[in-house]
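In what follows, a single structure is set out as structure tokens and then discussed.
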């Protein structure tokens, strides 16, 4: 039948993305000659700002005669289009739904074959394609063989079997979606299913059989054949800089839309690398590695780059990380995951402050990290075709339209950067150890505070010495100092006094030279003034601090803000680092000539430099500062969230290290005596003795500032003190705990889980952190590892592995939801036990790290309190929130104001939106106001602010994109606040951005104040034994900050609670109780502070942090009892011997301890007696003299001696 007289047929293809768009558009041009039109509609286009793609898709489906649906498995996409598909199903000629969610696949209708009918006969054949559910099973190749065989088997079976055959043929056509196969697919469906006025086309629209392409093969754009199953296709030119294997998606290749791949291949070859671009059919790349990257069990490549944007084994719908780890370990080369943009255009990404969208960062970055991938890099995408310059970097590319097809393109700046980084990592792998230069970077934050060379949980200088020794023994050219003291002095002292610096000035960079060489000088000078600036400068030179030990330079990362506002840089997305910061990284790259940089401990500032949150460009400061330098990062195993941020924003390969051993706090000094008195009281039967002992007990309590309602309650409290787990000292890299410390740690781990002592001992013995560093510097594959607390997740052992977070699609887990519900109930019960009315509204703080450790238990708490739960899709992945019916909930919905850390916002965007959706659903629910406080308060907000319900229901608050923290802790650290309202202002300014169901933050400070005014109490979870609320100033920043804002909004203080979920069942304490507990078990406990002081300099810094954080709690909540300050003063400042000891170990931090206590007095946070105040002033003067080097020894004052004796 001539095409001009054939009835028109309209075919609509709805799929996840635009992989096959080019092939479909070319096929459409051919089919139109026969009066057939075919259009492809990508779900990834539906959510783009200003896009009408969803409406266009719905219209196309409503008008289509044949509808083909593939790869729809994301809940948002399914909910958006399912009603339209259902409405069209019975009215079109055929609807073919492939490789999608069950709700979509069931809509398949092809003649007499309906997928929603019971599975029997030929339909049961579909089960053959499901493959093995066994982890690591390589079923992809088998499934494809079955797919090719089934149409042949079914060919001779009459009836419905022919429709089943047509279904499999359609799938076969689609998976090999070249222009020819798309044309044949459409023709085959028309030939069999054309109906109505198109019925005459049946039997007249013949189709070719599916054209075969290599299942596993190689590709090269400069060959005529393009694809082959043999390496003979590839150019034979040797790559002088090494060989790189690429993993590609076959769908892009056979649809002739591989411009983004071509750009990467060209850039790598231009950089002197031989490239082996391999592909496999389906989403399991292991066959490529087996066939082309390994030979006789040995790698023939020096690195592997996945350009698929998905996990190695799996894809957007699932992943098998264990299988990926197994084969990548055999290959043992760096594994890099780069990704094309699928959900936005190149121009949108370039202009965005966020970078990758939430779903992109989850599928393309977070999931591949589970495989051990590093260096996430955007390398291409599609243009919007508007002819305007991309704002992503200084290149300002204009992607001109080259024809009717909107083709994939490479981003020139990003592919060149990727090629440069790969050249460097391969060069590191090939270099002899003796010739490698390594720059180890230690940190100095806050500046000028005795913090140089400190890191979370790590004894930095002891660890440094061990690292240098190990490197020397492994063949590196290293001059190892004789001792830890010699190493510390070389770095911290040297010529520091002569230059008035925090550490030895290794070299000085002339200001004129800096001006000449600094490519971003204008941006830096706009913030910090003319070079060389005032920070780490003598007015004519920039100082580079550190010391060189052969081919290893140990440098001090410069401060990154002002002394009174050291975090300034982190909170301004458009800011720039200081002259010194930029010059430091340029010097180690270009002057020292480092082959790699090792960031030593948790954590520095590089990863917080301004730029996109994820999916960085050359305009982002972490990229500018590091350039192509390979980055390795030693990071505490219990901090996956900040570790993941460092991985994503600085391209780091993470190497986890143990946190300090855990120990029971025990009892000391008067507490041991008190326990003995209670034991005697309990054992005696003599009434008079019992009365006398009780009087003694209460006298001892008075001396210890302990209160209780009864001796039995006192006994229980004392037991809790004694049994509380605390970190003991600091961790030394490469050293596992020994002796009594090891025994206590093993006991604690056995109590917390089901592991045997033998298994725990073996796991500890398997840790080789220094060996892991050597392996990483050799360019080996670093196995992935979850981050978390050892007590809760023994899988963090062995350390020395590449930290990753939790699968974001699985958070919160079912177990976490159960735990969160129970913890929420305990929280409400404790509030009621305090005599308080049931709350209508409460506020809570959510951190990324805590939720990764607990699998989302705190998220589950928030949902439970609101009367909601996670909504999961058919794959068991998080899709959103749904309300629990009131009759099931059994109580009113509580209004929950959630404040998120910036890291939570970055790493858990799906969960952020879920919380916002839960609040919005509750606000919309048509329920009695006395049973739904979310709706009650939202209606009030609508009236007060004149806004719509969607705005009034906003309850999730955080920073603006690219900003972190509330700055409350930094105001306290710098002592630069005058009034508590300044702390509230800082919190509200920084955290006043609301995140709704659309995900885009909106400044809503007034709405935040209104929400906080209704709050009845506020709380935060404690998830880590290693970290208490007096250890870490971020607790003061977040929980303290929101508490201060609540107090100002309400005009009165609100109760503050801590949900301690560190060990066993969660315990709920008031903030005051938690401060008391931590002060007694940590700050004042000789077991804790002597454990710190054995590490010298860093130990004093940790003590000083405790004192500063204690002052922070007073400033924000007023919940610190006077005895806390009194006993801290007597222990660390008023005792002459201890004062001298602290000053010798760390004169700066010791002076700050005394000054901080005096600050508490001056701010009337603590009002000691006159003698104590005078003694503190004298002690502070002495410590300042010691710091300045002008102290002349003399006998202790009468006052200080008397107080110390007392």
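For region 291-323, the set of residues classified as closer than 28 Å to residue 241 by Cβ and either without any contact (Cβ under 8 Å) to a residue 40 or more places away in the chain or not assigned by TED's automatic domain parsing to the domain that holds residue 263 (or both) consists of 294, 295, 296, 297, 298, 299, listed by residue number. Any chance region 991-1002 includes a residue that's outside the structural domain of residue 1163 (by TED's automatic domain parsing), surrounded by fewer than 20 Cβ atoms within 10 Å (Cβ to Cβ) and in contact with a strand residue (DSSP E or B) (Cβ under 6 Å, 6 or more places away or on another chain)? Yes, some residue in region 991-1002 is outside the structural domain of residue 1163 (by TED's automatic domain parsing), surrounded by fewer than 20 Cβ atoms within 10 Å (Cβ to Cβ) and in contact with a strand residue (DSSP E or B) (Cβ under 6 Å, 6 or more places away or on another chain).
In summary, strands (runs of 3 or more DSSP E) completely within region 567-680 and bearing 1 or more residues that are within 18 Å of the chain's Cα centre (by Cα) and surrounded by 24 or more Cβ atoms within 10 Å (Cβ to Cβ) occur at 596-600, 631-636, 653-657. Just to check your reading of the model, which residue among 47, 17 is at pLDDT below 95, within 30 Å of residue 357 (Cα to Cα), part of a loop (DSSP other than H, G, I, E, B) and touching a strand residue (DSSP E or B) at 6+ places or on another chain (Cβ under 6 Å)? The unique qualifying residue is 17. Of all residues in region 862-886, exactly one satisfies the criterion of being in a loop (DSSP other than H, G, I, E, B) and surrounded by 24 or more Cβ atoms within 10 Å (Cβ to Cβ), namely 867. Only one entry of 869, 893, 905 meets the criterion of being free of Cβ contacts under 8 Å to residues at least 60 places away in the same chain, under 24 Å from residue 1012 (Cβ atoms) and touching a helix residue (DSSP H, G or I) at 6+ places or on another chain (Cβ under 9 Å), and that entry is 893. Of all residues in region 529-548, those satisfying the criterion of being more than 25 Å from residue 1187 (Cβ to Cβ), touching a residue at least 24 places away in the same chain (Cβ under 8 Å) and out of contact with any helix residue (DSSP H, G or I) (no Cβ under 6 Å at 6 or more places or on another chain) are 541, 548. Restricting 1043, 1024 to those that are more than 25 Å from the chain's Cα centre (by Cα) and closer than 30 Å to residue 636 by Cα reduces the list to 1043.
This table checks each residue for (1) at positive phi; (2) in contact with a strand residue (DSSP E or B) (Cβ under 9 Å, 6 or more places away or on another chain); (3) modelled with pLDDT of 95 or more.
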{"residue": "294", "(1), (2), (3)": "no, no, yes"}
{"residue": "297", "(1), (2), (3)": "yes, no, no"}
{"residue": "306", "(1), (2), (3)": "no, yes, yes"}
{"residue": "309", "(1), (2), (3)": "yes, yes, no"}
{"residue": "315", "(1), (2), (3)": "yes, yes, no"}
{"residue": "331", "(1), (2), (3)": "no, yes, yes"}
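With the structure loaded, tell me whether residue 934 is buried (at least 23 other Cβ atoms within 10 Å of the Cβ), touching a helix residue (DSSP H, G or I) at 6+ places or on another chain (Cβ under 9 Å) and touching a residue at least 60 places away in the same chain (Cβ under 8 Å) or whether it fails that test. Yes, satisfied.
Put simply, of 424, 437, 493, 430 the only residue that is farther than 19 Å from residue 587 by Cβ and at pLDDT 95 or above is 430.
Residues in region 1040-1087 that are outside any strand (DSSP E or B) and more than 16 Å from residue 823 (Cβ to Cβ): 32 in all.
When we screen 297, 278, 315 for residues that are farther than 21 Å from residue 417 by Cα and touching a helix residue (DSSP H, G or I) at 6+ places or on another chain (Cβ under 7 Å), the only hit is 278. Evaluation of residue 817 against the conditions (1) assigned to a helix (DSSP H, G or I); (2) touching a strand residue (DSSP E or B) at 6+ places or on another chain (Cβ under 7 Å); (3) closer than 30 Å to residue 335 by Cβ shows that the sole unmet condition is (3).
Applying the criterion of being within 15 Å of residue 1016 (Cβ to Cβ) and within 29 Å of the chain's Cα centre (by Cα) to the residues of region 798-840, the residue that is surrounded by the fewest Cβ atoms within 10 Å (Cβ to Cβ) is 827.
Of the helices (runs of 4 or more DSSP H) lying entirely inside region 83-190, those containing at least 2 residues that are at pLDDT below 70, surrounded by 20 or more Cβ atoms within 10 Å (Cβ to Cβ) and over 44 Å from the mean Cα position of the chain (by Cα) span 140-154. Here residue 1051 clears all of (1) free of Cβ contacts under 8 Å to residues at least 24 places away in the same chain; (2) on the phi < 0 side of the Ramachandran plot except the condition numbered (2).
Here is a check on your reading of the model: is residue 730 at pLDDT 90 or above, under 41 Å from the mean Cα position of the chain (by Cα) and farther than 17 Å from residue 1079 by Cα? Yes: the conditions hold for residue 730. Being part of a helix (DSSP H, G or I), modelled with pLDDT under 90 and at negative phi is a property that residue 693 lacks.
Scanning region 770-784 for residues that are in contact with a helix residue (DSSP H, G or I) (Cβ under 9 Å, 6 or more places away or on another chain) and part of a helix (DSSP H, G or I) yields 770, 771, 773, 774, 777. The condition of being surrounded by fewer than 16 Cβ atoms within 10 Å (Cβ to Cβ) and modelled with pLDDT under 90 holds for only one of 751, 765, 778, that being 751.
So that you can scan it fast, the table gives a plain yes or no per residue for (1) closer than 26 Å to residue 20 by Cβ; (2) part of a helix (DSSP H, G or I):
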{"position": "324", "(1), (2)": "yes, yes"}
{"position": "333", "(1), (2)": "no, no"}
{"position": "337", "(1), (2)": "yes, no"}
{"position": "342", "(1), (2)": "yes, no"}
{"position": "350", "(1), (2)": "yes, yes"}
{"position": "363", "(1), (2)": "yes, yes"}
{"position": "366", "(1), (2)": "yes, yes"}
{"position": "375", "(1), (2)": "no, no"}
{"position": "378", "(1), (2)": "yes, no"}
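Residue 1018 meets the stated requirement of being at pLDDT 95 or above and more than 20 Å from the chain's Cα centre (by Cα). The residues on offer are 503, 526, and the sole one that is loosely packed, with under 14 Cβ neighbours inside 10 Å and within 34 Å of the chain's Cα centre (by Cα) is 526. Restricting to region 244-253, and then to whatever is in contact with a helix residue (DSSP H, G or I) (Cβ under 8 Å, 6 or more places away or on another chain) and under 17 Å from residue 293 (Cβ atoms), can you tell me which residue is surrounded by the most Cβ atoms within 10 Å (Cβ to Cβ)? That would be 244.
The values are calculated or read from the model by the stated rules, or taken from the named source; none is laboratory data. Quick caveat: nothing in here was measured; it's all calculated off a predicted structure. Counting neighbours? That spans all protein chains shown, and the Cβs are built from the backbone with ideal geometry, glycine included.
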